Amino acid sequence: MSLSITNLSILTRNSSPLLTDCSFSIQKGETLSVMGPSGCGKSTLLSVIAGHLAQDFSYTGDIQVNGNTITHLTSHERKVGILFQEDLLFPHLCIWENLAFALPNNIKGPQRKAEALNALNHIHLNELANAFPDQISGGQRARISLVRMLLAKPAVALLDEPFSKLDKALRVQFRDWVFEQLAEANIPTLLVTHDVDDVPKNSQQLIWPMESPHA
């Protein structure tokens with residue numbers, strides 16, 4: 001698996017360049033961290049890759065996943081998973097239902113619940129299966145969000161400052177756990193952050209405005 005960006009340029013509505021001729025690639029199991037201050041357009045880069053770009057922007061360039069161009073695909077066809085600052089769990093669904101919602105469509109009937117419960121057991125949170133998001137802690141919701149993303153079997157993981165709203169002690173613990181799970185999934189990961197402490201060891205880094213990747 002790989003994510004490759006070639007000659008990507010992003011323009012605002014008034015044609016001001018937000019990003020110009022950006023190119024990079026991330027191989028399976030690798031993480032690339034994009035560093036830059038809040039509001040500089042890092043999240044917009046993720047929106048381009050995921051196919052969620054707002055109408056205020058336009059872009060040119062090529063985005064490939066596993067050697068296949070995805071720029072013409074709808075967001076749900078791209079197999080790109082995103083972990084946001086907010087957990088975005090469905091408040092009206094219990095935890096196992098939130099997880100089951102993300103499973104591929106080829107998993108049917110009772111097997112969906114079984115897969116969701118197995119995922120909860122894997123992260124030692126099976127006692128939360130029938131709880132609702134407002135009944136569990138922020139750290140637990142954050143873990144459930146990552147597991148939900150991975151259950152969808154993404155080919156690429158995008159992380160949009162997912163640690164920024166956690167308290168310091170939980171942040172360190174959750175960050176390490178996230179990268180352990182992504183390493184196990186063995187997919188390319190792109191992290192955007194303004195905090196150098198969020199960058200995992202051995203990650204490539206890009207500093208905004210874009211420079212060449214360096215270890």
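The values are calculated or read from the model by the stated rules, or taken from the named source; none is laboratory data. In this text the structure is predicted, and so the values were computed from the model without any measurement. Every residue, glycine among them, receives a Cβ derived from its backbone with ideal geometry; neighbour counts consider all protein chains shown.
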Looking at region 7-33, which of the residues that are touching a strand residue (DSSP E or B) at 6+ places or on another chain (Cβ under 6 Å) and among the small types (G, A, S) is farthest from I49 (Cα to Cα)? S33
Would you say A129 is touching a residue at least 24 places away in the same chain (Cβ under 8 Å) and aliphatic (A, V, I, L, M)? yes
Given the conditions (1) surrounded by 17 or more Cβ atoms within 10 Å (Cβ to Cβ); (2) in contact (Cβ under 8 Å) with a residue 40 or more places away in the chain; (3) under 24 Å from H92 (Cβ atoms), which single one is not true for Q140? (2)
Quick test of your reading of the structure: N121 fulfils all but one of (1) modelled with pLDDT of 95 or more; (2) assigned to a helix (DSSP H, G or I). Name the failing condition by number. (1)
Taking the condition of a type outside the set (D, E, K, R), over 13 Å from the mean Cα position of the chain (by Cα), over 28 Å from R143 (Cβ atoms) and modelled with pLDDT of 90 or more, does T71 pass? yes
Only residues that are surrounded by 16 or more Cβ atoms within 10 Å (Cβ to Cβ) and part of a strand (DSSP E or B): list them for region 1-17, please. S2, L3, S4, I5, L8, I10, L11
Suppose we keep only residues that are more than 14 Å from P188 (Cα to Cα) and among the charged types (D, E, K, R) within region 10-48. Which one would you say is modelled with the highest pLDDT? D21
Quick count over region 89-119, residues being under 17 Å from R143 (Cβ atoms), out of contact with any helix residue (DSSP H, G or I) (no Cβ under 7 Å at 6 or more places or on another chain) and not acidic (D, E), is 3
Residue list for region 47-77, filter: out of contact with any Leu (no Cβ under 8 Å at 6 or more places or on another chain) and of a type in the set (D, E): D56, E77
Test each condition in (1) under 18 Å from E30 (Cβ atoms); (2) out of contact with any helix residue (DSSP H, G or I) (no Cβ under 7 Å at 6 or more places or on another chain) for S137 and report the one that comes out false. (1)
Residue by residue through region 11-46, note down the ones that are over 20 Å from D197 (Cα atoms), out of contact with any Leu (no Cβ under 9 Å at 6 or more places or on another chain) and not polar (S, T, N, Q). R13, K28
Mind checking whether some residue in region 183-205 is surrounded by fewer than 19 Cβ atoms within 10 Å (Cβ to Cβ), out of contact with any strand residue (DSSP E or B) (no Cβ under 6 Å at 6 or more places or on another chain), in a loop (DSSP other than H, G, I, E, B) and of a type in the set (S, T, Y)? no
